[in-house]
Amino acid sequence: MKKYASQYARQYARLAAALPLVATLVLAGCASTADSDGYYTVKRGDTLYSIGRDFDQSPTNLSTWNKLRNPNDLEVGQRILVRPPAGVVARTGAGQSSRPAAVASATPARKAAAKPAAKPAGKSRDDDDAPSPADAKLDWMWPTQGKSAPSGDSYKKGIDILGSEGQPVMAAAAGKVTYAGHGIRGYGNMVIIKHTPTLLSVYAHNKTIAVKEGQTVTRGQQIATMGNSDTSRVKLYFEIRRNGKPVNVMAMLPPR
């Protein structure tokens, strides 16, 4: 009984962790908050990546600051430091690492972060969803060969591309790797590439990862090999997001 209960608990945890990942991209009003000491209290369904998105920190930074041996084993009620410790300045954005501060302390950094830039007057919510000139210039390609279909997971808004274990996975457009790891339940070994200030692409369930966070990649460059990490079938899960929201992948990729 303990064995089956444990398996059920792990499956539930995966689902609970994956659903907020998508929800945080859609519900802009549900941002998390930290206490005055810079600590956030983990809630059900949180993952290191979703917490990092809320506080504009990379999973690598959070893992280092909190000395986490296994980033997957967050516990409800656990306090996570989400601001740089004294003597360290974080380079914000997913995938960016922290570096020692030469003069500045963490306190000025927190004060600066507390003052978000004001949005231009008259800008509507729809403006955030509109493609920018930089977006329109991107030359997208299919990230791998294989039959494609909408994702079989209801909480995912991209596509599954079926193929063979070990076949190459390519960058669908040029950009910078902002995440490369396996810290998010339900996505396995995953790579995220930022192409413009508003567009990024997601490559999940890989067997191996061939790039590192912070690395610049070209269109068509191999970034991983196809696998079945954290899923039951060999496939690539591919998604494109604009301003954190999934878009219609088929409308972006060339016909084939």
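The values are calculated or read from the model by the stated rules, or taken from the named source; none is laboratory data. Since the model is a prediction, treat every value here as computed from it, not as a measurement. Neighbour counts run over all protein chains shown; Cβ positions are idealised from the backbone, glycine included. We work out accessible area using only protein heavy atoms, side chains counted, and drop any ligands, DNA or RNA first. Shrake-Rupley method; radii C 1.70, N 1.55, O 1.52, S 1.80 Å.
For Met141, the accessible surface of its heavy atoms amounts to roughly 40 Å² (probe 1.4 Å, protein chains only, rounded to the nearest 10).
Going through segment 147-241, which chymotrypsin sites (Phe, Trp or Tyr not before Pro) have at most 13 other Cβ atoms within 10 Å and a DSSP loop state?
On the way: sites: Tyr155, Tyr179, Tyr187, Tyr203, Tyr237, Phe238; in loops: Tyr155, Tyr187.
Listed in order of number, the matching sites are Tyr155.
The amide H of Thr41, built 1.01 Å from its N in the peptide plane, has Ile80 as neighbours under 5 Å, considering only residues 5 or more places off or on other chains.
Would you mind checking Lys157/Lys194; Lys43/Lys67; Lys137/Lys194; Lys147/Lys176; Lys137/Lys176 for any pair whose Cα atoms are more than 22 angstrom apart?
Numbers: Lys157/Lys194 18 Å; Lys43/Lys67 19 Å; Lys137/Lys194 14 Å; Lys147/Lys176 27 Å; Lys137/Lys176 16 Å.
The answer is Lys147/Lys176.
Computed with every protein chain present, the accessible area of Ser63 is close to 20 Å² [probe 1.4 Å].
Among the trypsin sites (Lys or Arg not before Pro) found in segment 139-218, those both in a DSSP coil and sparsely packed, with 16 or fewer other Cβ atoms within 10 Å of their Cβ, are Lys147, Lys212.
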